[in-house]
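The structure appears right after this line, and notes come after that.
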Amino acid sequence: MIRAFAVGAAALILAPLLLAGPTVADEVVVRIEKNRFDPARVAVRPGDTVVWLNAEKRTSHDVVFADGVASERLMPEERFARRFDAPGIHPYRCTPHPDMRGEVVVEP
Ligand SMILES: [Cu+2]
């Protein structure tokens, strides 16, 4: 009984520490489908990588950032990856489809 309590208490104390854990770089996927970036807004941490996957059947797209970084034209099934280090908001759009917009928010 006491032992079970002690284990339970230890789990309660350790759980938040384990959940917080060491920071590991993550990879977030944005699907490009039906002329949309999905999700159009992603929030990541410094060091994370965002991957855009063109999931269309036949339409090509690109990913062009306001800061000048840009993908090649992505044919269906092709992908583009960018790693983000600086906190801030990074808006982007698709050149052939100006209504297609998205943003990556890098949270400190
Ligand atoms: Cu497009």
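The values are calculated or read from the model by the stated rules, or taken from the named source; none is laboratory data. Just so it is clear, the model here is predicted, and its values are computed rather than measured. Note that we place each Cβ from the backbone using ideal geometry, even for glycine, and neighbour counts take in every protein chain shown. Areas reflect the complete protein model, heavy atoms only, side chains present, ligands, DNA and RNA absent. Shrake-Rupley method; radii C 1.70, N 1.55, O 1.52, S 1.80 Å.
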*Pair list, Cβ < 7 Å and 6+ apart or interchain, from segment 81-104 residues that are under 12 Å from residue 46 (Cα atoms) to residues that are charged (D, E, K, R) and away from the ligand (no atom under 16 Å from the Cβ)*: 84/48; 87/107
_Matching residues in segment 71-100 - criterion: being within 10 Å of the ligand (Cβ to nearest atom) and either polar (S, T, N, Q) or open to solvent by 60 Å² or more (accessible area, probe 1.4 Å) (or both)_ = 73, 93, 95, 98, 99
*asked:* I need a count of the residues in segment 37-61 that are under 13 Å from residue 102 (Cβ atoms), in contact with a Ser or Thr (Cβ under 8 Å, 6 or more places away or on another chain) and either more than 12 Å from the ligand (Cβ to nearest atom) or open to solvent by 50 Å² or more (accessible area, probe 1.4 Å) (or both).
replied: 0
*asked:* Given the options 32, 89, name the one that is modelled with pLDDT of 95 or more, in contact with a His (Cβ under 8 Å, 6 or more places away or on another chain) and assigned to a strand (DSSP E or B).
replied: 32
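Each row is one residue, and each column tells you yes or no for (1) under 30 Å from residue 93 (Cα atoms); (2) modelled with pLDDT of 95 or more; (3) of a type in the set (Lys, Arg).
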residue: 7; (1), (2), (3): no, no, no
residue: 16; (1), (2), (3): no, no, no
residue: 20; (1), (2), (3): no, no, no
residue: 24; (1), (2), (3): yes, no, no
residue: 49; (1), (2), (3): yes, yes, no
residue: 59; (1), (2), (3): yes, yes, no
residue: 62; (1), (2), (3): yes, yes, no
